[in-house]
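The values are calculated or read from the model by the stated rules, or taken from the named source; none is laboratory data. If you're wondering where the values come from, they're calculated on a predicted model, not measured in any experiment. Methodologically, a virtual Cβ is constructed for each residue, glycine included, from the backbone with ideal geometry; neighbour enumeration extends over all protein chains shown.
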Amino acid sequence: MNYKTLGKFLTYKFIRLVILIIAVSIISFLLIDLSPIDPVRAYIGEMAVSAEQIAKLQAYWGVNEPLISKITNWVGNILQGDLGTSLIYRTPVVDVISERFTASLTLMFTSWVISGVLGFTLGTLAGMYRGTWIDKTVKGYCYILLAAPTFWIALLFLMVFSVYLGWFPTGLGVPVGKLAADVTIWEWLVRLILPAITLSLLGVAQIAMFTRDKLINVLSSDFVVFAKSRGESGWNLIKRHGIRNILLPAITLQFLSFSELFGGAVLVEQVFSYPGIGQAAVAAGLKSDVPLLLGIVLFSTIFVFCGNAIADLIYKFVDPRIKEGESYEQ
Amino acid sequence: MQEKLLEVSNISISFLQYSAGLRQSNLKVISDLTLDISSGEIVAVLGSSGSGKSLLAHSILGILPSNASLSGKMTYLGKDLNQKRKEKIRGDEIALIPQSVNYLDPLMKVSNQVIGECENEEDKKSKLLKQREIFEKYGLSKEVDDMYPFQLSGGMARRVLVSTALISNPKLVIADEPTPGLDEKSVEETLNHLRQMAQDNVGVLLITHDIDAALSVADKIAIFYAGYVIEIANVEDFSGNGENLIHPYTKALYNALPQTDFKLTTGHQPLHGELPPGCPYFERCDNPTEKCSNNLPILTEISDKKVRCYRANEFKNNNVAIKEESSDELHHTDEIGSFEELNYSEKLDYIEEKDSSKEAGV
């Protein structure tokens, strides 16, 4: 690999990320400022307070300061690594995000891998046996999944597998009333299965349909016709020419789907009461926890950006047509 | 030693098409094609671009698209060549030299591609040795082995494609349009490869629209017109004033060459799906008979050639001159064959001629 080009690419991406973060920060800050969310009210909660005390709190939080100074204060703090303190959890936002994200990461990574592998396999099968019942089944399955909302599928799974069949617990990351230190890996895993499967399903449909389409294109290409004319056939033909040509685009697509993964996690974690970053995002929104909400927005921006950057990287440095092409130019 | 390799009799290829909504229609692309080829012989199928010549190659190899239907009979070494047998011998005994670099997998290194699928490591090793040998012969250096198709130049790609055919010692090689887009030197080089193959007793079926290439390399030439083979002539017949050629189209084609008379004939080939009931050349023929308009002549043997014409015997005996066209008609008529059939300098000449006629206000 050409390290110089890689360095250049990464620097360029980093600059883009900085610009993106600045833009996202300002826009989301403005949106929250314009919205009816009132952090002071959120802070007070159910307590009975006098108007005088509210005014004091407002002065303390700087509610009535001009917008510009609010933004500069906030951005200045972020640059020092201070995202503020979460109003609902009463701990620094950075801590909340890192704790919640660790829990989510397992969930998202598992479902990302499952959806990738399963989707690619199903898509390959459907493309290989185009027009047969295999293809029709895969296609039907994908259309249903794409048409059904994630939260609805999550509820359905919860009803069938947890309530009727009782195979899995109905929710939460760990059993109720147990100390975090006492939770066994098994107890934790068993609670992960159902949310992970649900989250995988949406991804499966997308990647399967994409793979199927790509494979059909490849199979009708001139080079596959030529390979057939040279006596290649069946699975070997698919392996030698099909998979080779569809794997890279499929992996790229999978990295590009980070945003959907994040969006899906928000819904699925909510339904399964799984204590991940998605649930924290919903809680922050509902309870007007402005610092946490802004923190999660920034964090998810970086997350999705990384997925896209990896996809770009793969295309640029793994595909021989682009990789070798550039090194030959030099 | 010459043995009959492939005999193709009366094959037709048609496509099922949807025309005007859900109405299906059958589009006939190749009609009643007959030809044979022996070992050590080069047979050229000469026809204009887009006339469906490549489909002939694909039908012999059994790689026609699924909506195409094939009828007629093929035999290979005297035995029936059905789809099952095609699948068995293609790649081993019958090899295809495809048209363009698009027929190479864009993500596979050239050497792997040339050797094709291997049974085991040993097979792979011996094939790699052979591939190196062939590449050496064609002047492809060791670096080419590890290149991807997009890194090959046009001439290199052509040599790589020819190499794919040689790796398995085929008895019959089908070269599908091997010359377009190449400079004169590369064309000559490619044709030499074909000659070399024929000398090694391989039968070569050359499918082309390049009449110069066909005339310089082939033993027999089958002229393809509107999906029909209208004449199978020996290459020696294309000489003098074409007096040994029989079919009026073949004569016209020959006389349209710059090195002969550079004469033009009006009209154009009927399109697929618009074939007349009679002779496909009826509209443009100078001496048609009553019979020609409604009855399709069949390909008949005349001495050692085959012709599809009712008046073949007459034409053979007295060389009927072809009517000359005045240049006034040039702007609304097509010359014989198609523009693509001309080589570069001919095209230039043609364009200049057209321009000058425009300037003259014709």
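Return the residue satisfying two criteria in turn: it lies in segment A:222-261 and is in a helix (DSSP H, G or I) and among the acidic types (Asp, Glu), and of such residues it is farthest from the chain's Cα centre (by Cα). Please lay out each step first, then the result.
So in segment A:222-261, the residues in a helix (DSSP H, G or I) come out as A:222-229, A:234-256, A:258-261.
If we keep only those that are among the acidic types (Asp, Glu) as well, we get A:222, A:260.
On the way: A:222: 37, A:260: 5 Å.
This residue is A:222.
Considering segment A:310-322 alone, what residues qualify as being in contact (Cβ under 8 Å) with a residue 40 or more places away in the chain and surrounded by fewer than 18 Cβ atoms within 10 Å (Cβ to Cβ)? Correct list: A:310, A:312, A:313, A:314, A:315, A:316, A:317, A:318, A:319.
Here's the yes/no breakdown for (1) more than 20 Å from residue B:54 (Cβ to Cβ); (2) modelled with pLDDT under 85:
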{"site": "B:118", "(1), (2)": "yes, yes"}
{"site": "B:142", "(1), (2)": "yes, no"}
{"site": "B:179", "(1), (2)": "no, yes"}
{"site": "B:187", "(1), (2)": "no, yes"}
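Restricting attention to segment B:94-141, the residues that are within 14 Å of chain A (Cβ to nearest Cβ), more than 15 Å from residue A:230 (Cα to Cα) and out of contact with any helix residue (DSSP H, G or I) (no Cβ under 8 Å at 6 or more places or on another chain) total 2.
When the residues of segment B:65-93 are filtered to those that are within 9 Å of chain A (Cβ to nearest Cβ), in a helix (DSSP H, G or I) and in contact (Cβ under 8 Å) with a residue 12 or more places away in the chain, which remaining residue is nearest to residue A:249 (Cα to Cα)?
Step by step, filter segment B:65-93, then rank; the result is B:87.
The numbered conditions (1) more than 25 Å from residue A:15 (Cβ to Cβ); (2) buried (at least 16 other Cβ atoms within 10 Å of the Cβ); (3) modelled with pLDDT of 85 or more are all true for residue A:272 except (3).
Among the residues of segment A:103-160, those identified as within 24 Å of the chain's Cα centre (by Cα) and not in a helix (DSSP H, G or I) are A:148, A:149. Considering segment A:228-243, the residues that are buried (at least 19 other Cβ atoms within 10 Å of the Cβ) and within 7 Å of another protein chain (Cβ to nearest Cβ) include one that is farthest from residue B:65 (Cα to Cα), namely A:240. Being assigned to a helix (DSSP H, G or I) and under 15 Å from the mean Cα position of the chain (by Cα) is the requirement here; does residue A:296 meet it? Judged against the criteria, residue A:296 is a match. Where strands (runs of 3 or more DSSP E) sit wholly within segment B:191-245, those with at least 1 residues that are under 19 Å from residue B:178 (Cα atoms) and over 13 Å from the mean Cα position of the chain (by Cα) occupy B:203-208. Out of B:246, B:298, one residue alone is touching a strand residue (DSSP E or B) at 6+ places or on another chain (Cβ under 6 Å) and either free of Cβ contacts under 8 Å to residues at least 60 places away in the same chain or not assigned by TED's automatic domain parsing to the domain that holds residue B:39 (or both). It is B:246.
To keep it simple, each residue is scored yes or no on (1) aromatic (Phe, Trp, Tyr); (2) in the same structural domain as residue A:98 (by TED's automatic domain parsing); (3) more than 24 Å from residue A:313 (Cβ to Cβ); (4) touching a Phe, Trp or Tyr at 6+ places or on another chain (Cβ under 9 Å).
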| position | (1), (2), (3), (4) |
| --- | --- |
| A:211 | no, yes, no, yes |
| A:214 | no, yes, no, no |
| A:231 | no, yes, yes, no |
| A:236 | no, yes, yes, no |
| A:241 | no, yes, yes, yes |
| A:266 | no, yes, yes, no |
| A:274 | yes, yes, yes, no |
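Within segment A:172-179, is there a residue that is within 20 Å of the chain's Cα centre (by Cα), crowded, with 19+ Cβ neighbours inside 10 Å, within 19 Å of residue A:106 (Cα to Cα) and at pLDDT 85 or above? No - not one qualifying residue is present in segment A:172-179.
Checked against the criterion of being more than 24 Å from the chain's Cα centre (by Cα) and either more than 9 Å from chain B (Cβ to nearest Cβ) or not hydrophobic (A, V, I, L, M, F, W, C) (or both), segment A:202-211 contains not a single residue that satisfies it.
Table: residues versus (1) acidic (Asp, Glu); (2) more than 20 Å from residue B:213 (Cα to Cα); (3) within 14 Å of another protein chain (Cβ to nearest Cβ).
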| residue | (1), (2), (3) |
| --- | --- |
| B:147 | no, yes, yes |
| B:162 | no, no, yes |
| B:174 | no, no, yes |
| B:187 | no, no, no |
| B:195 | no, no, no |
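For segment A:79-102, taking the residues that are in a helix (DSSP H, G or I) and surrounded by 17 or more Cβ atoms within 10 Å (Cβ to Cβ), the one that is farthest from the chain's Cα centre (by Cα) is identified as A:93. Against the list (1) within 14 Å of chain A (Cβ to nearest Cβ); (2) part of a loop (DSSP other than H, G, I, E, B); (3) modelled with pLDDT of 85 or more, the condition residue B:40 fails is (1).
Taking the conditions (1) in a loop (DSSP other than H, G, I, E, B); (2) closer than 20 Å to residue B:136 by Cβ; (3) without any contact (Cβ under 8 Å) to a residue 60 or more places away in the chain in turn, residue B:179 satisfies each one other than (2).
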